[in-house]
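Undergrad: Structure provided below as structure tokens; questions to follow.
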Amino acid sequence: QVQLVESGGALVQAGGSLRLSCAVSGITVRNNAFDWYRQAPGKQRELVATISNGGWTNYRDSVKGRFTISRDNPRNTVDLQMNSLNPEDTAVYYCHTKSSWRDYWGQGTQVTVSS
């Protein structure tokens, strides 16, 4: 059974940093691609960052240069380092992966950036 559990969300001032972590069980992070999505109130869920099983990464334009997705193989986690946060980054952040043609999502972690 694949399970994803996010943590690390918090209230932070603009310009601050947070590190989100997605604890993965049921599969190994090095063998799968993972994404971080976010959803702000009243908006659609949007893709923020992707890491492939080969380590290739991709980011939406608005977070390039500020966010970094990575995986920690010994801990079996996928992390999202977020720097220079601004109020537009406020959202619930979700970890996502696909395994055996099924989509798996975590419960989300709230990030709130105050101006």
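Undergrad: What number do you get for region 20-83 when its Cα radius of gyration is normalised by 2.2 N^0.38 Å, N = residues?
TA: Relative to the 2.2 N^0.38 Å estimate, region 20-83 comes out at 1.12.
Undergrad: On to the next question. May I ask which residue of 77, 107, 53 lies farthest towards the positive end of the charge dipole of the chain, with charges of +1 (Lys, Arg) and -1 (Asp, Glu) on Cβ and the Cα centre as origin?
TA: With unit charges placed on the Cβ atoms, the residue in question is 53.
Undergrad: For region 79-87, take each phi angle, set θ = phi - 60°, evaluate the Karplus expression 6.51 cos²θ - 1.76 cosθ + 1.60, and give the result in whole Hz per residue in order, putting x for glycine and proline.
TA: Values, residue by residue: 10, 10, 8, 10, 10, 6, 5, 10, x Hz.
Undergrad: Scaled to the compact-protein estimate 2.2 N^0.38 Å, what is the alpha-carbon radius of gyration of region 1-40, rounded to two decimal places?
TA: Expressed relative to 2.2 N^0.38 Å, the Cα Rg reads 1.43.
Undergrad: Next up: Could you give the accessible area per residue of region 18-115, probe 1.4 Å, as a whole number in Å²?
TA: 52 Å²
Undergrad: Give the range of the longest stretch in the chain that excludes all chymotrypsin sites (Phe, Trp or Tyr not before Pro) found in loop regions by DSSP and having at most 12 other beta-carbon atoms within 10 Å.
TA: Value returned for the longest uninterrupted segment is 1-55.
Undergrad: Karplus couplings for region 19-25 from phi (6.51 cos²θ - 1.76 cosθ + 1.60, θ = phi - 60°), rounded to Hz, Gly and Pro as x?
TA: Whole-Hz 3J(HN,Hα) from phi for region 19-25: 10, 8, 10, 10, 7, 10, 9.
Undergrad: Run a plain Debye calculation on region 69-110 (Cα atoms as equal point scatterers, no solvent) and give log10 I(q)/I(0) at q = 0.16 Å⁻¹, rounded to two decimals, same order as the q list.
TA: Cα-only, vacuum Debye calculation for region 69-110: -0.56.
Undergrad: Oh, and also: Along the principal axes of its C-alpha atoms, what lengths does the chain span, in descending order and rounded to whole Å?
TA: Each principal axis gives a Cα extent; for the chain these are 41, 26, 23 Å.
Undergrad: Something else: Once amide H atoms are placed 1.01 Å from N in the peptide plane, what residues at a sequence separation of 5 or more from residue 90, or on another chain, have their amide H within under 5 Å of its amide H?
TA: Answer set, sorted by chain and number: 113.
The values are calculated or read from the model by the stated rules, or taken from the named source; none is laboratory data. Here the structure is a predicted model, which means the values were calculated and not measured. All Cβ positions, even for glycine, are placed from backbone atoms using ideal geometry, and neighbour counts span all protein chains on display. When the accessible area is computed, the model is the full protein with side chains, heavy atoms only, and any ligands, DNA or RNA have been set aside. Shrake-Rupley method; radii C 1.70, N 1.55, O 1.52, S 1.80 Å.
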